[in-house]
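Here's the structure, in structure tokens; my notes come after.
The values are calculated or read from the model by the stated rules, or taken from the named source; none is laboratory data. Treat the numbers as computed from the prediction; the structure is a model and nothing was measured. Please note: Cβ atoms are built from the backbone with ideal geometry, for glycine as well, and neighbour counts cover all protein chains shown. Heavy atoms of the whole protein, side chains included, go into the accessibility calculation; ligands, DNA and RNA do not. Shrake-Rupley method; radii C 1.70, N 1.55, O 1.52, S 1.80 Å.
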Amino acid sequence: MDILAEIQAEQSKKQAEKIAKWIGADAERFAPLMQLFLHGELKLIPRLAVVLGTVTETHRELIMPYLPEMVSRAMQPGMPDSIKRTVVRELQFVDIPEPLHGDVMNMCFDLLADPQQAVAVRAFSMTVLSNLAQIYPEIKQEIIVILEDALEQANTPGFINRALKTMKALTK
């Protein structure tokens, strides 16, 4: 299957599921999807992200070799929300390798503290930081301070709810 051709042919959940089913748990079939996500045209990222999320929902292990490059790309200035959102969403569900902890924490603190970021990007960053706080409890207070500031400006019930739950979990 030519993933690029399939992505360009149709934009639908059905098409994304078709591609994801073809990829399955096959790392060789997953590789072209990741190459497109990491190096392809930015306008295709939202379509690729749907396929990526569908595949990794059941085969999280496939994304592990790509995490360093994904984090690096998401940290580049000017990256669209679709890249940041996809990367941070995926980071919520995996055991982040220790060599990436510092970069991931820095990225997520920056994203969470920036009120100009999309709500989903900030919410996913909050969860990633909360997960890392289980390993690095010294970051809990910094997360809480950022969330308290963020709650003053928050205007979506989902973000407010997640922030309050995260703060409660961090204070236990």
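Which condition number does His59 fail, the rest of (1) surrounded by 14 or more Cβ atoms within 10 Å (Cβ to Cβ); (2) touching a helix residue (DSSP H, G or I) at 6+ places or on another chain (Cβ under 7 Å) being met?
All conditions pass for His59, except number (2).
State yes or no: is Leu132 under 23 Å from Glu61 (Cβ atoms) and in contact with a His (Cβ under 8 Å, 6 or more places away or on another chain)?
Spelling it out, Leu132 is indeed under 23 Å from Glu61 (Cβ atoms) and in contact with a His (Cβ under 8 Å, 6 or more places away or on another chain).
Conditions: (1) open to solvent by less than 30 Å² (accessible area, probe 1.4 Å); (2) under 17 Å from Thr56 (Cβ atoms); (3) more than 13 Å from the chain's Cα centre (by Cα); (4) not hydroxyl-bearing (Ser, Thr, Tyr). Pro97 meets all but one. Number of the miss?
(1)
Does at least one position in the stretch 133-152 carry a residue that is touching a Gly at 6+ places or on another chain (Cβ under 8 Å) and either assigned to a helix (DSSP H, G or I) or at pLDDT below 95 (or both)? Steps first, answer last, please.
As a first pass, look at the stretch 133-152 and keep what is touching a Gly at 6+ places or on another chain (Cβ under 8 Å): none.
No, every residue in the stretch 133-152 fails to be touching a Gly at 6+ places or on another chain (Cβ under 8 Å) and either assigned to a helix (DSSP H, G or I) or at pLDDT below 95 (or both).
Filtering the stretch 113-132 down to residues that are in contact with a helix residue (DSSP H, G or I) (Cβ under 6 Å, 6 or more places away or on another chain) and not in a helix (DSSP H, G or I), which residue is farthest from Pro65 (Cα to Cα)?
Residue satisfying both the conditions and the ranking: Pro115.
For Gly78, are the conditions met, namely being surrounded by fewer than 20 Cβ atoms within 10 Å (Cβ to Cβ), more than 13 Å from the chain's Cα centre (by Cα) and not in a helix (DSSP H, G or I)?
So Gly78 passes the test.
Select, from Asp110, Asp95, the only residue that is among the charged types (D, E, K, R) and assigned to a loop (DSSP other than H, G, I, E, B).
Asp95
Working only within the stretch 63-85, note down all residues that are closer than 21 Å to Ile143 by Cα and either among the β-branched types (Val, Ile, Thr) or out of contact with any Ser or Thr (no Cβ under 9 Å at 6 or more places or on another chain) (or both).
Matches in the stretch 63-85: Val71, Met75, Arg85.
Mind telling me which of the residues Leu129, Leu147 ends up being of a type outside the set (Ser, Thr, Tyr) and more than 13 Å from the chain's Cα centre (by Cα)?
Only one candidate passes the filter, namely Leu147.
Within the stretch 23-48, count every residue that is more than 19 Å from Pro80 (Cα to Cα) and open to solvent by 70 Å² or more (accessible area, probe 1.4 Å).
So the count comes out to 2.
Would you check if Gly102 is among the small types (Gly, Ala, Ser) and free of Cβ contacts under 8 Å to residues at least 24 places away in the same chain?
yes
Restricting to the stretch 133-161, count the residues that are more than 18 Å from Val104 (Cβ to Cβ) and open to solvent by 70 Å² or more (accessible area, probe 1.4 Å).
Residues of the stretch 133-161 that are more than 18 Å from Val104 (Cβ to Cβ), as a first pass: 141, 144-145, 148-161.
Checking the rest, the ones that are also open to solvent by 70 Å² or more (accessible area, probe 1.4 Å) come to 141, 148-149, 152-153, 155, 157, 161.
Residues flagged as more than 18 Å from Val104 (Cβ to Cβ) and open to solvent by 70 Å² or more (accessible area, probe 1.4 Å) within the stretch 133-161 amount to 8.
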